[in-house]
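Following: one structure in structure tokens, then a few remarks.
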Amino acid sequence: MLPSVRDPPDVSVCDAHIVVFHAAPRDCRINIPFMDRPTNQASHNVDERRRARARLNPRAKAFLIGAAAIALLAWAGHWLVHRWTHVYVDDARIDGEVVTIASRVSGWITELPVIEGDEVKKSQLLARVDERDSVLQREVLQARLKAIEGQMSVMRAQTGQVDQETLGKYQSEMNRLAAAEAEVASLDANLKQARYDYDRAVDLHGQKWLSQQALERARTTLQQAQESHRKALSEVEAVRGTLSAAGGSRKQLSVMQQQLLVLSHQATEIRAEVQRQEVDIADRTIKSPADGRIVMTFVRKGEHVMIGQRIAMFHDPTQIWVQANVKETAIGLLKPGMKADVRIDAYPGHVFRGEIYRIGQAATSKFALLPDPNPSGNFTKITQRLPVRILLSEQDLMLRPGMMAEVDIAVGNH
């Protein structure tokens with residue numbers, strides 16, 4: 001016969017076994033182990049909670065369900081209104097002027113005092129390339145320049161000396177020529193007078209008015225005047241020859257001045273070479289262009305770099321903005337000056353205020369490395385995106401280029 005369900009079961013320990021039976025004998029003592037009590041108590045609490053839930057008023061259940069539905073509808077309505085009056089971008093990024101610092105010369109890196117993350121000041125040393133060869137070349141050029149400048153000094157001294165010597169001689173010969181020509185002019189008048197006197201004496205002698213002795217005297221005077229005139233002419237020619245020689249010596253000055261001009265051009269060329277070497281030496285000292293932070297270094301001390309090889313990347317933490325690629329379907333709602341809320345993934349719970357600074361004039365697909373001209377004719381329309389730059393009203397030095405951000409732009413009131 002089966003025991004009644006209403007009779008509580010008795011638990012007894014007989015022969016080291018737990019036996020559960022109904023209607024246990026009165027002489028058998030009930031013994032429950034201490035380790036089983038918590039388990040039975042937990043089961044009892046679970047059963048009580050289940051019974052309490054079962055005894056809930058159906059009206060309370062309906063109230064709770066209705067309240068949850070109203071809250072869900074309110075949240076959905078707020079979400080829809082927010083999406084209708086705001087432009088939301090969830091894949092924006094922090095951006096900034098990240099400058100790649102490269103070497104303008106080739107050589108070995110002798111100094112590299114910075115690493116990733118270092119804060120640097122303007123004109124602070126970032127790296128130094130070996131400059132020994134450039135310094136030696138500059139010294140060689142400077143020595144050549146000094147030699148040419150010495151030659152120029154000697155040439156100038158010689159030019160001055162020749163100028164003084166030839167100028168004095170030339171002026172002296174000019175004076176002699178003037179005197180000789182004046183003498184020729186004077187003797188020319190005497191010659192004309194002597195010839196006139198002789199012709200008149202010949203006429204008078206023919207008319208027996210003049211003696212033979214007077215005629216001979218007139219002839220002698222004419223001959224002396226002719227000889228003096230020829231001598232003066234010869235002197236003029238001689239002075240002119242000497243003057244021509246002095247003029248040739250003066251032309252030597254032009255030759256020397258041309259030589260001095262050639263040396264001057266050579267000196268100018270060497271000065272330019274010296275300046276180029278100084279620029280080369282200056283380029284071997286690589287300094288920070290502004291206050292900022294080193295993002296990354298690409299070389300190590302002792303490595304050899306080539307012209308144009310990257311050495312480090314630098315950016316100014318105070319010059320950052322948010323770059324959001326907005327869909328073309330929403331770009332018409334945006335205008336410069338609109339306010340925006342920016343949430344950075346790295347700082348959850350904090351909202352940065354900003355405003356639209358500039359809206360891109362071309363879709364991002366136009367700047368792709370491999371643009372798709374679609375020559376086959378198969379076309380799948382994809383919504384394009386245009387870049388929008390947002391400036392933050394507060395500058396946080398912990399913001400880094402490349403951080404992900406979410407942008408929320410209110411367009412309902414515009």
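Structural remarks
- Residues Ser228, Ser211, sorted so that the one with the fewest Cβ neighbours within 10 Å comes first: Ser211, Ser228
- Full extension of the chain between Val99 and Asp316 gives 77.2 nm of extra length, using 0.36 nm per residue less the Cα-Cα distance.
- By the count of other C-beta atoms within 10 Å, a proxy for reagent exposure, Ile344, Ile65 are ordered fewest to most as Ile65, Ile344.
- Förster-model FRET efficiency, 25 Å R0, Asp133 and Gln266, C-beta, rounded to 0.05: 0.60
- Cβ crowding within 10 Å, taken as a proxy for footprinting-reagent exposure, orders Val87, Val279 from fewest neighbours to most as Val279, Val87.
- Under the simplified labelling scheme, the Lys121-Gln223 pair shows an inter-label distance of 10.9 nm, with each label point 7 Å from Cα along Cα→Cβ.
- Paramagnetic label zone (point 7 Å from Cα along Cα-to-C-beta, Asn175; backbone N under 15 Å) in segment 223-257: 243
- Using the Cβ-Cβ distance between Asn190 and Gln158 with R0 = 60 Å, the FRET efficiency computed as 1/(1 + (r/R0)^6) comes to roughly 0.80.
- Taking amide H as placed 1.01 Å from N in the peptide plane, the amide H of Leu126 sits under 5 Å from that of Ile286, Lys287, Ser288, each at least 5 places away or on another chain.
- Cleavage-rule hits, chymotrypsin sites (Phe, Trp or Tyr not before Pro), segment 147-247, DSSP coil, Cβ neighbours within 10 Å at most 12: Trp209
Read-outs: derived from the displayed coordinates by stated rules, not from any lab. Note that the structure is a prediction, hence the values are computed from the model and not measured. Cβ atoms come from the backbone with ideal geometry, glycine included; neighbour counts cover every protein chain shown.
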